[in-house]
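Each reported figure results from applying straightforward, stated rules to the coordinates on display, with no laboratory input. This is a predicted model, so every value here is computed, not measured. Every residue, glycine among them, receives a Cβ derived from its backbone with ideal geometry; neighbour counts consider all protein chains shown.
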Amino acid sequence: MSADGMPLLNIADLKVHFPIYRGLLWRKTMGLVKAVDGVSVSVRRGEVLGLVGESGSGKSTLGRAVLGLNRPCGGSISYGGVDLLRLGKREFRPYRSKIQIIFQDPYSSLNPRMTVYDILSEPLRVHERLTRSEHRRRVSEMLDRVGLEEAHMNRYPHEFSGGQRQRIAIARAIIVRPDLIIADEPVSALDVSIQAQILNLLVDLQQSFQLTLIFISHDLAVVRHIADTVAVMYLGKIVESAPADRLYARPLNPYTQALISAVPSVDPATRARRIILKGQIPSPSDPPSGCHFHPRCPHAVDRCAREEPPPAEFAPGHHSACWFSEFPPS
């Protein structure tokens, strides 16, 4: 997991809002769901960015916006220096093979009426001009690369286990040789015994193909295993970002501290420091004023409810959006 320092993807002040309608015939906009609200983050070529947060924080919406599946209402998504939001459908098409996604549930993301060969060869038919024999060779090579066999080509998704189906989904994403992979909770639907195998496979493929990876998860223990950099989202905003080692060793934001304290540990002293957050994550259609986290924050004061804290850099590459983030002593 290494990066050469070149930014492959740069997201600036991105907003993805969904209107709330009332009425059947004469629909009237009654409000907005601010799923992503002013996110700025960059990913270097060859880097693994871990995007973490509770369900409803906007992680998946952000990933889908990069793919063009959700249309942003503001900001920019720059890929290799090109703003993808300014491209039309025809201009955007070449970038579809460069940016691929691995969905959370491999059973629902694979067409049950298609064989493994059809599933893996379809992206090749769309994006590359190859002969039938070349299709078969590429599919066979990719199946071997993800730990499956050539004999699996003619089988259907329901004939495989959950872990095997996710291997097929990974092969489908990798087969067109993309630069950027968005892995949206790729192991959360799998048994714990299988999760480590899939994570190790992703690490191996990322290194072998020099992939840039955005790994979306709510499990900080999983992200720690794979990520170079971690960005923590809460209610549509990034509240803290840092190199993975630094963030896990010295989290600054109270929300990050609570998430890390929830990671299971065999150390009794660590378990005793568990931070229990009160309440649930608010609705993105009606976010709290000021700092969105202040209703649940154990350190909140009056200022937190009035003013939204801007991201501040407390160490090289370590940013936190909190009025009272203090860098811990060495």
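Side notes on the structure shown:
- For the range 53-177, radius of gyration divided by Kirkwood radius, i.e. Rg to Rh on alpha-carbons: 1.01
- Relative contact order computed over the range 18-70 (Cα-Cα under 8 Å; 6+ residues apart), in percent: 24
- By the compact-protein rule of thumb, 2.2 N^0.38 Å, the alpha-carbon radius of gyration of the chain corresponds to a ratio of 1.05.
- Close amide H contacts of Ser325 (hydrogens built in the peptide plane, cut-off under 5 Å, sequence separation of 5 or more or a different chain): none are found.
- By the count of other C-beta atoms within 10 Å, a proxy for reagent exposure, Met233, Met153, Met30, Met114 are ordered fewest to most as Met30, Met114, Met153, Met233.
- The order of His127, His158, His319, His299, going from fewest to most other C-beta atoms within 10 Å of their C-beta, is His158, His299, His127, His319.
- Of the DSSP H helices in the chain, those with a Cα length along their own long axis of 24 Å or more and a mean Kyte-Doolittle hydropathy reaching 0.0 comprise 192-208.
- Working from label points 7 Å from Cα in the Cα-to-Cβ sense, the Arg90 to Ala151 distance is 4.9 nm.
- Cα pair distances of the range 217-266 binned at 5 Å [whole percent]: 5, 22, 36, 27, 9, 1, 0
- Around the Cα centre of the chain, unit charges on the Cβ atoms of Lys, Arg, Asp and Glu (plus for the first two, minus for the last two) sum to a dipole of about 1020 debye.
- Across the range 215-224, coupling constants 3J(HN,Hα) worked out from phi with the 6.51/-1.76/1.60 Karplus curve, θ = phi - 60°, read 9, 9, 7, 9, 9, 5, 5, 5, 4, 4 Hz, and Gly and Pro carry x.
- Secondary structure note: in the chain, about 65% of the DSSP beta bridges are antiparallel.
- Out of every Cα-Cα pair that the range 202-330 contains, those further apart than 20 angstrom amount to 49 percent.
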